[in-house]
Each structure stands twice: as structure tokens, then as C-alpha cells.
Number of protein chains: 2
Amino acid sequence: MSRGNTRQRIQDVALELFADRGYEKTSLREIAEQLGVTKAALYYHFKTKEDLVASIFDDYAARPTDELIDWASDQPTSLETKLEILRRYSECLSGAEPLFRFMHENQAALRDLSIGERMKDRVLTLLDLIREEDAPLTDQVRCSSALFTMHSTMFTMRDTPFANDEKRQAALEVAQELVAAAHHGDPEG
Amino acid sequence: MSRGNTRQRIQDVALELFADRGYEKTSLREIAEQLGVTKAALYYHFKTKEDLVASIFDDYAARPTDELIDWASDQPTSLETKLEILRRYSECLSGAEPLFRFMHENQAALRDLSIGERMKDRVLTLLDLIREEDAPLTDQVRCSSALFTMHSTMFTMRDTPFANDEKRQAALEVAQELVAAAHHGDPEG
DNA sequence: GTCTATAGGTCGATAGAC
DNA sequence: GTCTATCGACCTATAGAC
């Protein structure tokens, strides 16, 4: 039962409950109960509730996203690079779907926590990498819509007859199309 | 000070706090304090906290959206109709921007409340009106992305040098473009 | 319509035993 | 590492006076 992986077991149970019921409605008592331990045991591994949720963010979202940003920063700012950024970001998302859904649905709750600001920083950095600074407003909307499309498609259309990977692929396609349209001006050609 | 408009003053202050600090973090005590009354006075006008937030939703979001849906249901399902639906929905959004932002950022908190389900119903109805049922997945993503683009553009890009109406117009343009692409198949022509 | 007062409960967090 | 026991703060909601 209780080996050296307790820390990660706490993270997993916490994420499941956070994503399912929301951050504020999930109490440390519930997390502890589901694990078969007490609240005090949680406090041995994590200093605070915020510390717990931040550690989940670090391990499952911040690290992969930072790697992507690091890679992208060394690339030329061509359309191909942008499309590849989207493709890799799509992979980040699918590797941590419950976490991203959780962050998406709990923006208000996370706003004052460090994780809210840190996630926002990363999305804005990605946005800077795929859009052109002096592009017209419509093109900027296309780029931010591209990122938002990938974010939201995983959570909406949940009761469609399509598989998750199909949806992710379709969202990526639409996102790439939006960025391509923003890259060389008018999509109608 | 206390005339017959107390009910709406409560709604306004509540919405402001809900949008600013989040639903769960806003207590009835705070709302009452900001109004210069006590919690008990709030309970005279609204049976519960959920009742209060539902009344705001009814007055500022449900009613305008239902009118739009009623109108749209009597129209032919042409591309022109769809584009007009988006245009009118954009107006709904701009007429109740703080409320929609609040709902967007507090999905997890509102999920178990009636308002969560009721908003979702309306968005799905709108989605049904602008997409084709047997369209390929990519086109369905385009349509849901169109709605999401309008939703999100008001809240993201908050520190851009563009005015709110400009952004709303740009979001509408991109949304219409997405639905047009979904309507007659391939956007590349 | 608004008040005071409080019931009845949950929360995050800590101290200290084992 | 995990436990029991508890603290102080805060919450929604209600009862009843004015």
C-alpha cells in the first residue's frame, strides 16, 4: 500500500478530484479519504493545498510546455515552425488532458494562485511565437483562436461519436489552418 | 438609498464581485457589506446564493439568448442565416460581457448548479443551428471553434491596444469565416 | 425590508504521539 | 510517514425582533 510513491499517488487522486469537482469544492479531507489516509498525511508531502496543485502543474504541464518553448525559441519564425509548434503543443495537451481541462474550467479559482499566472505566461509566450507582432487585429484573433480551439475541443463535444485522437487531430488541423491564414494574410487566397 | 431597485442593485454588486473574485470565493457577507446591508437582507430578495446567481443569468444571458434561438428556429438553414446568428450572438455577448466572462471562468463552480446545465443547453442549441449534422469532424470543430472564439476573445487579449468593439468585430469576422468554411466544405476552395 | 444573533457545518492548517 | 485531536476562521442559512 504505502511505498515510496505516495507523493505521486496523492497528486493523481488530487488531480482526478480537482478536475471532476473543481478546485475549491475539493477538500483535502476528500483527497485523503480517497487515499485511505488522513489530511495530516498530506501535509507531510505538501506544505499547503496550493503547493499540491502547483506540483501537479509543474510535473504535467509546465515541464512539457517549457521544453516546447525552448525548442521553438531556436527555430526560424517560418510558417512551418509555427505549424510544428501547434503540432507539438497538441501533444502536450493530449499528454495531460485532465490537467488542462481542470485549468481551463477553474480559471477563476486559480487566478490568485501562482499557477494561474504561470500558465498564462506560457500561453502568451506561445502566442507570441505563432503570431506576427504588427499583424492586423483579425490575424491576431486567428492565432489566439487557434490555441483556444485546441484547448477547448478536448472538453467540448464530449458526447460526440468521435474518438479523442480524432478530435485532437481535427482541432490541430483547424488551428493550423487559422495560423496559416494569419501568416500570409487572407485565407480565401 | 433603499428604494424598489434593491433587487437589481444586489444583482449588480454580486455580478461584479463574482466576476472579479470568482463564485465560490465571493461570500454573501461581502456582497452585503459592499451594499451597506446585512446578509439577512439578501435572503429577503433571494432564497439562496444559487438563486441569486441564477437570477443574474436569467436576466442578462438566458433571455437574450433565447430570443436569438427563437428567431433562428424560424429561419431557413442557409449560410446567411448562420452568419446572422453569429452576428446577433456577438451582440448578446457584448451586452453582458462580465456575465459571460464570469461563466467562462467559473465553469467548474457552476457545473453542479442549474445555470451550468442551462447555459450549456443554449450553446449546444446554437451549435446545432450553425453546423451540419453529418458534416465531417473538421467542420464540426470549425463551428464550435467559431462560438468559442467569440466567447474567448473578449477575455483574452485584454492588454492589447485595441478597443473592445474592435476586438468583438474581429472575433465575429473570424467566427463567420470558420462557419463559412464549414458550410461549403473546404476553405481552401 | 432590514436588522441582530446564531445554528450548524466545513475548511485549511498545526501540534504532538507513535 | 501516518496518526488523533483540535484550533480558529469562515461559510450558508434561519429565527425572530423591529
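The values are calculated or read from the model by the stated rules, or taken from the named source; none is laboratory data. All of these numbers come straight from a predicted model, not from anything done at the bench. Because the Cβ atoms are built from the backbone with ideal geometry, glycine has one as well, and the counts that use them run over all protein chains shown. With ligands, DNA and RNA removed, areas are computed over all heavy atoms of the protein, side chains included. Shrake-Rupley method; radii C 1.70, N 1.55, O 1.52, S 1.80 Å.
Remarks
- Screening A:ASP121 on (1) facing chain B (nearest Cβ under 10 Å); (2) open to solvent by 60 Å² or more (accessible area, probe 1.4 Å); (3) modelled with pLDDT of 95 or more shows it passes everything except condition (1).
- If only residues of the stretch B:98-114 that are assigned to a helix (DSSP H, G or I) and without any contact (Cβ under 8 Å) to a residue 60 or more places away in the chain are counted, the one that is farthest from the other protein chains (Cβ to nearest Cβ) is B:PHE100.
- Condition met for B:SER78 (of a type outside the set (A, V, I, L, M) and over 17 Å from the mean Cα position of the chain (by Cα)): yes
- Checking A:ALA40 against (1) within 25 Å of A:GLU166 (Cα to Cα); (2) without any contact (Cβ under 8 Å) to a residue 24 or more places away in the chain; (3) of a type in the set (A, V, I, L, M), the condition it does not meet: (1)
- Residue in the stretch A:44-52 that is more than 24 Å from the chain's Cα centre (by Cα), near DNA strand C (Cβ under 10 Å from one of its atoms) and open to solvent by less than 50 Å² (accessible area, probe 1.4 Å) present: no
- Cβ-Cβ under 7 Å pairs, at least 6 apart or on other chains, the stretch B:169-184 side over 11 Å from B:ARG131 (Cα atoms) and at pLDDT 95 or above, far side among the small types (Gly, Ala, Ser) and surrounded by fewer than 22 Cβ atoms within 10 Å (Cβ to Cβ): B:LEU172/B:SER90
- Output for the stretch A:11-36, where each listed residue is away from DNA strand C (no atom under 12 Å from the Cβ) and over 24 Å from the mean Cα position of the chain (by Cα): A:GLN34, A:LEU35, A:GLY36
- The lone exception for A:GLU16 - which of (1) open to solvent by 60 Å² or more (accessible area, probe 1.4 Å); (2) away from chain B (no Cβ under 14 Å) it fails: (2)
- Within the stretch B:54-65, the set of residues being more than 16 Å from DNA strand C (Cβ to nearest atom) and closer than 17 Å to B:THR6 by Cβ comprises B:ILE56, B:ASP59.
- Enumeration of residues in the stretch A:70-91 that are open to solvent by less than 20 Å² (accessible area, probe 1.4 Å) and of a type outside the set (S, T, N, Q): A:ALA72, A:LYS82, A:ILE85, A:LEU86, A:TYR89
- Test result for A:GLY95, small (Gly, Ala, Ser), closer than 24 Å to A:MET157 by Cα and more than 14 Å from chain B (Cβ to nearest Cβ): yes
- Filtering the stretch B:115-143 to residues that are part of a helix (DSSP H, G or I) and farther than 25 Å from B:ILE56 by Cα leaves B:ASP128, B:LEU129, B:ILE130, B:LEU137, B:THR138, B:ASP139, B:GLN140, B:VAL141, B:ARG142, B:CYS143.
- When the test is whether a residue is out of contact with any Pro (no Cβ under 9 Å at 6 or more places or on another chain) and within 9 Å of DNA strand C (Cβ to nearest atom), B:THR6 passes it.
Residue-by-condition table, conditions (1) over 24 Å from A:ARG111 (Cα atoms); (2) open to solvent by 20 Å² or more (accessible area, probe 1.4 Å); (3) at the interface with chain A (Cβ under 8 Å from one of its Cβ atoms):
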residue	(1), (2), (3)
B:THR125	yes, yes, no
B:ASP128	yes, yes, no
B:GLU132	yes, yes, no
B:ARG142	yes, no, yes
B:SER152	no, no, yes
B:PRO161	no, yes, no
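- Index of the failed condition, B:ARG88 passing every other in (1) free of Cβ contacts under 8 Å to residues at least 60 places away in the same chain; (2) within 16 Å of DNA strand C (Cβ to nearest atom): (2)
- Condition met for B:LEU79 (at pLDDT 95 or above, more than 19 Å from B:HIS151 (Cβ to Cβ), within 14 Å of DNA strand D (Cβ to nearest atom) and out of contact with any Gly (no Cβ under 6 Å at 6 or more places or on another chain)): no
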